[in-house]
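Take a look at the structure set out below.
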Amino acid sequence: MTPQEIAEASAAAMWNDDAASRRLGMSLEHVGPGTATLSMVVTQEMSNGHGTCHGGYIFLLADSAFAFACNAHNQRAVAQHCSITYLVPGRIGERLTAEAREVSRRGRSGIYDIRITNEDGEQLAEFRGHSRTVKGTHIPVGE
């Protein structure tokens, strides 16, 4: 299998078990070796007391993109540390997109940057995730 095929097969296996991302209406738009793009529309139920998207939902979208990017090599990986900086609020009805890219992957550790934008391309937040691989794969080795 090519690295792209491995990324796609790993994502398909993960997506089947990712009830949280699916239930919130996220779409997995792209996955590649060390990359992933997910999007979701901000609903009224996701709004906070300011009438904007609750930051937890923005974090969740970024975290899901991070998960698909760091698991794209057919090695199970989990979050070790994550941080987010919010720049501008998300609005109800907007489609938010999280684009994850691998910055570094050495040994069992990885670093990923995730940019969250709205449908106009305006950056809402920047997320950085540190991953750690654990035992196991998503697809049988040798497929």
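The values are calculated or read from the model by the stated rules, or taken from the named source; none is laboratory data. Computed from a predicted structure; not experimentally measured. Reconstructed Cβ throughout: ideal geometry from the backbone, glycine too, with neighbour counts over all protein chains shown.
Against the condition within 16 Å of L124 (Cβ to Cβ) and either in contact with a Lys or Arg (Cβ under 9 Å, 6 or more places away or on another chain) or basic (K, R) (or both), how does S39 come out, does it pass? Before you say what the answer is, go through the steps one by one.
Working: within 16 Å of L124 (Cβ to Cβ): yes; either in contact with a Lys or Arg (Cβ under 9 Å, 6 or more places away or on another chain) or basic (K, R) (or both): yes.
Taking the combined requirement at face value, the residue satisfies it.
Given the condition crowded, with 16+ Cβ neighbours inside 10 Å, among the acidic types (D, E), touching a residue at least 12 places away in the same chain (Cβ under 8 Å) and within 20 Å of W15 (Cβ to Cβ), answer yes or no: does some residue in the range 61-70 qualify?
Filtering the range 61-70 down to residues crowded, with 16+ Cβ neighbours inside 10 Å leaves 61-70.
Checking which are among the acidic types (D, E) leaves us with 63.
From the residues that got through so far, the ones that are touching a residue at least 12 places away in the same chain (Cβ under 8 Å) too are 63.
From what's left, within 20 Å of W15 (Cβ to Cβ): 63.
Checked against the condition, which is being crowded, with 16+ Cβ neighbours inside 10 Å, among the acidic types (D, E), touching a residue at least 12 places away in the same chain (Cβ under 8 Å) and within 20 Å of W15 (Cβ to Cβ), the range 61-70 yields at least one hit.
When the residues of the range 21-62 are narrowed to those that are under 20 Å from V78 (Cβ atoms), assigned to a helix (DSSP H, G or I) and under 12 Å from the mean Cα position of the chain (by Cα), which ends up modelled with the lowest pLDDT?
S21
If F127 satisfies all but one of (1) surrounded by 19 or more Cβ atoms within 10 Å (Cβ to Cβ); (2) among the aromatic types (F, W, Y); (3) more than 11 Å from the chain's Cα centre (by Cα), what's the number of the condition it fails?
Unmet for F127, out of (1) surrounded by 19 or more Cβ atoms within 10 Å (Cβ to Cβ); (2) among the aromatic types (F, W, Y); (3) more than 11 Å from the chain's Cα centre (by Cα): (3).
If you take the residues in the range 13-54 that are out of contact with any strand residue (DSSP E or B) (no Cβ under 8 Å at 6 or more places or on another chain), under 15 Å from F66 (Cα atoms) and small (G, A, S), which one is surrounded by the most Cβ atoms within 10 Å (Cβ to Cβ)?
Filtering first and then ranking leaves G32.
Have a look at S104, S21, S47, S39 and point out the one that is free of Cβ contacts under 8 Å to residues at least 60 places away in the same chain and closer than 14 Å to I116 by Cα.
Numbers: S104 fails: closer than 14 Å to I116 by Cα; S21 fails: closer than 14 Å to I116 by Cα; S47 fails: closer than 14 Å to I116 by Cα.
Checking each option against the conditions leaves just S39.
Please enumerate the residues belonging to the range 107-143 that are among the acidic types (D, E), in contact (Cβ under 8 Å) with a residue 40 or more places away in the chain and not in a loop (DSSP other than H, G, I, E, B). It would help to see each step written out before you state the result.
So the first thing to find is which residues in the range 107-143 are among the acidic types (D, E), and the list is 113, 119-120, 122, 126, 143.
From the residues that got through so far, the ones that are in contact (Cβ under 8 Å) with a residue 40 or more places away in the chain too are 126, 143.
Once the filter is applied, which keeps residues that are among the acidic types (D, E), in contact (Cβ under 8 Å) with a residue 40 or more places away in the chain and not in a loop (DSSP other than H, G, I, E, B), the range 107-143 yields only E126.
Which one is surrounded by the most Cβ atoms within 10 Å (Cβ to Cβ), of the residues in the range 76-97 that are among the β-branched types (V, I, T) and more than 15 Å from A65 (Cα to Cα)? It would help to see each step written out before you state the result.
Within the range 76-97, the first condition is being among the β-branched types (V, I, T), and the residues that meet it are 78, 84-85, 88, 92, 97.
Applying the additional criterion that residues be more than 15 Å from A65 (Cα to Cα) yields 85, 88, 92.
On the way: T85: 8, V88: 11, I92: 14.
Top of the filtered list is I92.
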